[in-house]
Amino acid sequence: MGKIVVLTTGGTISSAPNQTNGLLTTGSINGKDLVRLCEIDERIQVDVEEVFRIPSNQFTQNEILCLKQKVESVIQREGVDGVVITHGTDTLEETAYFLDLVMDVAKPIVITGSQRSSAQTGSDAQVNVRQAVQVAASQKSRGMGVLVLFNEEIYTAREAVKIHASNVVGFRALGYGKLGIVDRDDVIYYRKPYDRKTYALSGSLSHVDMIACYQGSDDRFLDCSIKSGVKGIVIEGFGRGHVPPGIVPKVREAVESGIVVVITSRTLEGRVFPVYDFPGGAQDLLNQGVILGGSLSGCKARVKLAVLLSVFGNDRHRIAAEFSE
C-alpha cells in the first residue's frame, strides 16, 4: 500500500504530563514511539522524522517555511507515496492552509493532531495518526491538496476550522462539510475540492497584521500597524464586511500608503459582500480601495494575503482578483 513519511512538529499529540506539576510538556513522546502505538496496517511502510518539538502557539513564518521545505524534500523522494504531518491544534488550520496554497503536488499531504495527549485516558492521538496514514496511503487522496484528518473525518485545508478548545470533535468545515471519512480501514470520499489554486513563493513571506473589530473599536491598532511598516492588513469586521465608521479614514490612509487591506467577517459562515450604503459598510470600504476577503476567516485571509504579497508584491488589483476566485 506504499510508503508514508510522518513528520512530527510537536503539540498535544507529542505531549505527556510532567512529574513536577502534572501539566503537559510538548515533545515528551517522540514520533517513533507514537507511531508504534497506532496499529498501522502492516502493508504500509512508515518512516518517522522529527522537524520540530514545539507547541503550535510558537509557530511563526520561519517554522512554516522550514516545514514547507521539509515536505518538498520528502515528497520528492523515490518511493514516497505521501506525507503525514503531526501538529498542535491551536494553529493547525493556518499551517495546513499555507501548505495548501504553496504545495503543487499530487501526492497526498495529510495534517493531524490530537486534543488529548496519548498519555491521557480517551486519547484521540493514536487513532488520528493511524487514520491520517491511511488517508495518505490511499490512491483516492491524490490530487486533493493538503488534507486535515481529525476524528475520522477528512477536510480540505481551506475549510477546516478548530471549533472546540478541548473536545475530541475539534475540527469541522462550517458551511461546507467534510470531504469524506475513514471507517475502520476504508477511506471514503463524498466529494472533491473545487478549483484549488497554488502559488510559487518567491522568497520570504511578507508580514501581515490581523485586526479584529468590536463594538465601539477605534483606529489605534490600525495606526500602530501603519507605523510599523507592514505590507498587509486583514480587518476582521462584522456581518457582510462592516467596520465602525470611525476607523474608515485610517483605513483609507493605510491603502494610500501602499498597504494592501482585506476585509473579512467575524461570523462563522458566509462571505463579505457590498449590500448596504452606510459608512463603514463593505461598499464604503471598496470605495477606499479595500479588498473583499470572500468567505475566508480572518486568520486564513491573513495567510493568503502573506502568500500573495510575496508572489505579486503590492499589486492590489492582482491580489483582489485572487481573493475573488
Of (1) outside any loop (DSSP other than H, G, I, E, B); (2) under 18 Å from THR86 (Cα atoms), ARG116 satisfies all except one. Which?
(1)
Residue count, the range 171-185, condition in contact with a helix residue (DSSP H, G or I) (Cβ under 9 Å, 6 or more places away or on another chain) and closer than 18 Å to THR95 by Cβ, comes to 1
Using beta carbons and a limit of 6 Å, which pairs, at least six apart or on different chains, have the first residue in the range 214-237 and closer than 20 Å to SER297 by Cβ and the second one among the charged types (D, E, K, R) and modelled with pLDDT of 95 or more?
LEU222/LYS250; SER225/ASP209; VAL230/ASP209; ILE233/ASP209; VAL234/ARG302; GLU236/ARG266
Determine whether the range 206-222 contains at least one residue that is at pLDDT below 95 and either over 30 Å from ILE259 (Cα atoms) or surrounded by 18 or more Cβ atoms within 10 Å (Cβ to Cβ) (or both).
yes
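Touching a helix residue (DSSP H, G or I) at 6+ places or on another chain (Cβ under 6 Å), assigned by TED's automatic domain parsing to the domain that holds VAL311 and modelled with pLDDT of 95 or more, is that true of LYS250? Talk me through it step by step, then tell me what you get.
Numbers: touching a helix residue (DSSP H, G or I) at 6+ places or on another chain (Cβ under 6 Å): yes; assigned by TED's automatic domain parsing to the domain that holds VAL311: yes; modelled with pLDDT of 95 or more: yes.
The answer is yes for LYS250.
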Among the residues of the range 242-253, is any within 14 Å of ALA320 (Cβ to Cβ) and either free of Cβ contacts under 8 Å to residues at least 40 places away in the same chain or not aromatic (Phe, Trp, Tyr) (or both)?
no
Please work out which one of (1) in contact (Cβ under 8 Å) with a residue 40 or more places away in the chain; (2) of a type in the set (S, T, N, Q); (3) surrounded by fewer than 22 Cβ atoms within 10 Å (Cβ to Cβ) is the condition THR86 fails and give its number.
(3)
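Just wondering, is there one or more residues in the range 240-261 that are outside any strand (DSSP E or B) and within 21 Å of LEU174 (Cβ to Cβ)? Lay out the reasoning, then the answer.
We begin by selecting, within the range 240-261, every residue outside any strand (DSSP E or B); these are 240-241, 243-259.
Pick out the ones that are also within 21 Å of LEU174 (Cβ to Cβ) and you get 240-241.
Yes, that holds for at least one residue.
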Run ARG184 past the list (1) closer than 30 Å to ARG43 by Cα; (2) surrounded by 20 or more Cβ atoms within 10 Å (Cβ to Cβ); (3) not small (Gly, Ala, Ser) and report the number of the one that doesn't hold.
(2)
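Considering only the range 240-261, I want to know if a residue exists there that is at positive phi, crowded, with 17+ Cβ neighbours inside 10 Å and not hydrophobic (A, V, I, L, M, F, W, C). Spell out how you get there, then give the answer.
From the range 240-261, those at positive phi are 241, 258; that's our starting set.
Then keep just the ones that are crowded, with 17+ Cβ neighbours inside 10 Å; that gives 241.
Add one more test, that the residue is not hydrophobic (A, V, I, L, M, F, W, C), and what stays is 241.
Yes; the residues of the range 240-261 include at least one that is at positive phi, crowded, with 17+ Cβ neighbours inside 10 Å and not hydrophobic (A, V, I, L, M, F, W, C).
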Of (1) modelled with pLDDT of 95 or more; (2) farther than 26 Å from VAL311 by Cα, GLY175 fails just (1)
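Going by the conditions given, is ALA132 assigned to a helix (DSSP H, G or I), touching a residue at least 24 places away in the same chain (Cβ under 8 Å) and in the same structural domain as GLY22 (by TED's automatic domain parsing)? I'd like the intermediate steps shown before the answer.
Values: assigned to a helix (DSSP H, G or I): yes; touching a residue at least 24 places away in the same chain (Cβ under 8 Å): yes; in the same structural domain as GLY22 (by TED's automatic domain parsing): yes.
Considered against the rule, which asks whether it is assigned to a helix (DSSP H, G or I), touching a residue at least 24 places away in the same chain (Cβ under 8 Å) and in the same structural domain as GLY22 (by TED's automatic domain parsing), ALA132 comes out as yes.
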Suppose we filter the range 264-308 for residues that are under 14 Å from the mean Cα position of the chain (by Cα) and part of a loop (DSSP other than H, G, I, E, B); how many remain?
2
Quick check on the range 27-62: of everything there that is farther than 19 Å from SER114 by Cα and free of Cβ contacts under 8 Å to residues at least 12 places away in the same chain, which residue is nearest to the chain's Cα centre (by Cα)?
THR60
Take GLY122 and decide whether it is assigned to a loop (DSSP other than H, G, I, E, B) and either within 17 Å of GLU49 (Cβ to Cβ) or over 16 Å from the mean Cα position of the chain (by Cα) (or both).
yes
Residues in the range 267-281: is at least one surrounded by 17 or more Cβ atoms within 10 Å (Cβ to Cβ) and either at pLDDT below 95 or of a type in the set (D, E, K, R) (or both)?
no
Considering only the range 157-175, I want to know if a residue exists there that is under 12 Å from VAL135 (Cβ atoms), assigned to a strand (DSSP E or B) and of a type outside the set (D, E, K, R).
no
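Could you tell me which of the residues ASP284, ASP195 is farther than 28 Å from ALA160 by Cα and not assigned by TED's automatic domain parsing to the domain that holds VAL161? Walk me through how you get there before you give the answer.
Details: ASP195 fails: farther than 28 Å from ALA160 by Cα.
When all the criteria are applied, what remains is ASP284.
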Of ALA160, ALA119, ALA125, which residue is assigned by TED's automatic domain parsing to the domain that holds THR8 and under 24 Å from GLY270 (Cα atoms)?
ALA160
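The values are calculated or read from the model by the stated rules, or taken from the named source; none is laboratory data. None of these values were measured; they are calculated from a predicted model. Note that each Cβ is placed from the backbone with ideal geometry, even for glycine, and that neighbours are counted across all protein chains shown.
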